[in-house]
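Asks: Right, I'll just put the structure down here and ask away after.
The values are calculated or read from the model by the stated rules, or taken from the named source; none is laboratory data. Since the structure is predicted, the reported quantities are computational estimates derived from the model, not experimental observations. Virtual Cβ from ideal backbone geometry, glycine too; neighbours counted across all protein chains shown.
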């Protein structure tokens, strides 16, 4: 018996990276998972990475389907939850992972850049949550997890990297700060309905398959990188527990609740909150 048996989940931005990892972990616990990516490819075929993600979950014995929508476009996402409910039924779990980042100095970040980030990083998660709420309220239970970022807070002095790297993350971080504030308000409103809303970000840069630039950072500064399994395990905890309005970082949550970290297919215990990234294993 898995902790998500009988539940249906939608994970956005799930063709690769953190979203794909979370989708695999949920599926390993018995959830029927719908993966979202931005668009259909040629001849109506889903992009290879999304197809691969669905096929990987199915090969591991899980249930998965895919639905395309450009979350940066209000019209494209307007019926996403309804379409995501077609393969397996109404959603029990919504993970808002998709995001956009434009690295610009705060003094130079354009209206176009800011609009893109706030549209995808704030408006889209809120819209999808609102779409999912009727079914969750009817069922008397639900879980909504918004993936945030430590960049919602200004890095402490002295900056670990260059000054400019701490500055250019600011506009993106501002959108995540807005998402966190909305998350807490929504969580307190919905707790009495049995719907648990939380936000969680990585404590460090997440090492995912194919992220070569992160791998280079990890080789130089191992403490600046965390394994993607930490994010997936922390997400699972927040998508199955009774946490209300938490705004947390992955490693800190796992340590606080004393939770072991499993492989994405759920078959192996890898360690605990102190698990370090295996730089070469994900190459």
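Asks: Considering only the stretch 132-142, state which residues are free of Cβ contacts under 8 Å to residues at least 12 places away in the same chain and in a loop (DSSP other than H, G, I, E, B).
Replies: none
Asks: Can you go through 145, 120, 105 and tell me which one is assigned to a helix (DSSP H, G or I), touching a helix residue (DSSP H, G or I) at 6+ places or on another chain (Cβ under 9 Å) and in contact (Cβ under 8 Å) with a residue 12 or more places away in the chain?
Replies: Numbers: 145 fails: assigned to a helix (DSSP H, G or I); 105 fails: assigned to a helix (DSSP H, G or I).
On inspection, the qualifying residue turns out to be 120.
Asks: Oh, and also: Considering the stretch 84-127 alone, what residues qualify as being surrounded by 15 or more Cβ atoms within 10 Å (Cβ to Cβ) and more than 21 Å from residue 183 (Cβ to Cβ)?
Replies: 85, 87, 88, 90, 102, 104, 109, 113
Asks: Return the pair list, or none, for Cβ contacts closer than 7 Å from residues in the stretch 222-245 that are at negative phi and in contact (Cβ under 8 Å) with a residue 60 or more places away in the chain to residues that are part of a helix (DSSP H, G or I) and surrounded by fewer than 21 Cβ atoms within 10 Å (Cβ to Cβ), at least 6 apart or on different chains.
Replies: So the pair list comes out as 224/217.
Asks: Identify, please: which residue in the stretch 246-268 is in contact with a strand residue (DSSP E or B) (Cβ under 8 Å, 6 or more places away or on another chain), in contact (Cβ under 8 Å) with a residue 40 or more places away in the chain and more than 17 Å from residue 97 (Cα to Cα) and is, among those, surrounded by the fewest Cβ atoms within 10 Å (Cβ to Cβ)?
Replies: Per the criteria, the residue is 262.
Asks: Of all the strands (runs of 3 or more DSSP E) wholly in the stretch 156-244, which have at least 3 residues that are modelled with pLDDT of 95 or more?
Replies: In the stretch 156-244, the matching strands (runs of 3 or more DSSP E) lie at 195-201.
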